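Have a look at the structure that comes next, please.
The values are calculated or read from the model by the stated rules, or taken from the named source; none is laboratory data. None of these values were measured; they are calculated from a predicted model. Cβ sites come from the backbone with ideal geometry, for glycine too, and all protein chains shown count toward neighbours. Only protein heavy atoms, including side chains, enter the accessible area calculation; ligands, DNA and RNA are left aside. Shrake-Rupley method; radii C 1.70, N 1.55, O 1.52, S 1.80 Å.
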Amino acid sequence: QPTPALDPQKPDYVCQPKYDPDFGRWITAFTKRYWTDGQTGLWGIEHWNEPWEPTSISGWEGDSERYRQLLKVLSESAKQAAPEVKILATCSIMNTEDKLLSAGTDEWIRYVDVFTDHYVVPCRCYGPRVAERWGKISGETETWGAAREVLLHQFLCQFLACGQKFINPATGDMMFQNVGPSDRPVWTPK
């Protein structure tokens with residue numbers, strides 16, 4: 001239950017630490033189910049999409065300490081099922097600095113295989129350099145700007161030129177959306 005002083009309609013995305021063992025078992029089961037020796041679409045799990053503070057209503061907010069605790073549970077649980085699965089984090093290099101490096105130690109870096117960014121413009125895209133410093137790669141995992149087929153090539157060139165090793169430019173349904181009035185049909189997922 002949320003604390004009474006806070007909005008009861010706001011969901012709690014960051015369960016209390018007493019649920020960490022359940023979370024770990026779920027991650028292990030999920031990885032076992034979808035890894036299938038690398039023959040499925042699962043190759044990595046990104047930890048906590050955009051952990052901006054505050055996130056939670058329970059008091060376990062998106063703070064750095066809680067982020068690190070959950071990252072450790074996620075990483076150890078996924079690797080227990082399939083050591084080859086990549087753990088991706090933190091959705092921005094600013095989050096890498098805040099959530100991981102603010103601990104005053106680099107011990108938390110070992111739980112991450114791939115650093116991730118989310119639509120960082122080229123003049124601010126230093127994530128790949130930070131990743132290289134730690135012996136990791138960096139990928140752009142949320143590039144909504146490439147939501148049109150005419151922008152896809154631009155975004156591929158832009159982010160790869162900045163040093164990202166891969167990008168997730170859009171979801172399939174986005175390529176069928178319209179910009180402004182048009183006679184073209186709008187595709188809606190069923």
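Just to verify a result, which residue in segment 79-113, among those that are charged (D, E, K, R) and under 20 Å from Thr28 (Cβ atoms), is most open to solvent (accessible area, probe 1.4 Å)?
Initially, segment 79-113 is screened for residues charged (D, E, K, R), giving 79, 84, 86, 97-99, 106-107, 110, 113.
Then keep just the ones that are under 20 Å from Thr28 (Cβ atoms); that gives 79, 84, 86, 110, 113.
On the way: Lys79: 54, Glu84: 102, Lys86: 84, Arg110: 154, Asp113: 43 Å².
Step by step, filter segment 79-113, then rank; the result is Arg110.
Do we have Gly24 as in a helix (DSSP H, G or I), over 21 Å from Gln158 (Cβ atoms) and either under 18 Å from the mean Cα position of the chain (by Cα) or modelled with pLDDT under 90 (or both) here? Outline the logic, then answer.
On the way: in a helix (DSSP H, G or I): yes; over 21 Å from Gln158 (Cβ atoms): yes; either under 18 Å from the mean Cα position of the chain (by Cα) or modelled with pLDDT under 90 (or both): yes.
When the stated conditions are applied, Gly24 passes them.
Anything in segment 34-47 that is of a type in the set (Phe, Trp, Tyr) and either under 17 Å from the mean Cα position of the chain (by Cα) or at pLDDT below 80 (or both)? List them, or say none.
First pass over segment 34-47, keeping only residues of a type in the set (Phe, Trp, Tyr): 34-35, 43.
Answer for segment 34-47, where residues must be of a type in the set (Phe, Trp, Tyr) and either under 17 Å from the mean Cα position of the chain (by Cα) or at pLDDT below 80 (or both): just Trp43.
Counting just the residues of segment 64-73 that are modelled with pLDDT under 90 and open to solvent by 10 Å² or more (accessible area, probe 1.4 Å), which one comes out farthest from Pro17 (Cα to Cα)?
Residues of segment 64-73 that are modelled with pLDDT under 90, as a first pass: 64-67.
Now restrict to residues that are open to solvent by 10 Å² or more (accessible area, probe 1.4 Å): 64-65.
Numbers: Ser64: 14, Glu65: 11 Å.
Once the filter is applied, the top-ranked residue is Ser64.
Check whether at least one residue in segment 143-155 is in a helix (DSSP H, G or I), exposed (fewer than 11 other Cβ atoms within 10 Å of the Cβ) and modelled with pLDDT under 85, and report yes or no. Talk me through it step by step, then tell me what you get.
Initial filter on segment 143-155 (in a helix (DSSP H, G or I)): 144-146, 149-155.
When the remaining residues are screened for being exposed (fewer than 11 other Cβ atoms within 10 Å of the Cβ), the result is 150.
Those still in the list that are modelled with pLDDT under 85 too: 150.
Yes, segment 143-155 contains a residue that is in a helix (DSSP H, G or I), exposed (fewer than 11 other Cβ atoms within 10 Å of the Cβ) and modelled with pLDDT under 85.
Now for a different question. Condition first: at negative phi, touching a residue at least 12 places away in the same chain (Cβ under 8 Å) and either charged (D, E, K, R) or open to solvent by 60 Å² or more (accessible area, probe 1.4 Å) (or both). Now tell me which residues in segment 114-128 satisfy that. Can you show your working first?
Initially, segment 114-128 is screened for residues at negative phi, giving 114-118, 120-128.
Filter once more, so that each one left must be touching a residue at least 12 places away in the same chain (Cβ under 8 Å): 114-118, 120, 122, 125-128.
Those that are at negative phi, touching a residue at least 12 places away in the same chain (Cβ under 8 Å) and either charged (D, E, K, R) or open to solvent by 60 Å² or more (accessible area, probe 1.4 Å) (or both): Asp117, Pro122, Tyr126.
Out of Glu50, Glu76, I need the residue that is at pLDDT 75 or above, in contact with a Gly (Cβ under 8 Å, 6 or more places away or on another chain) and surrounded by fewer than 18 Cβ atoms within 10 Å (Cβ to Cβ). Which one? Talk me through it step by step, then tell me what you get.
On the way: Glu50 fails: in contact with a Gly (Cβ under 8 Å, 6 or more places away or on another chain).
Every option except Glu76 fails the conditions.
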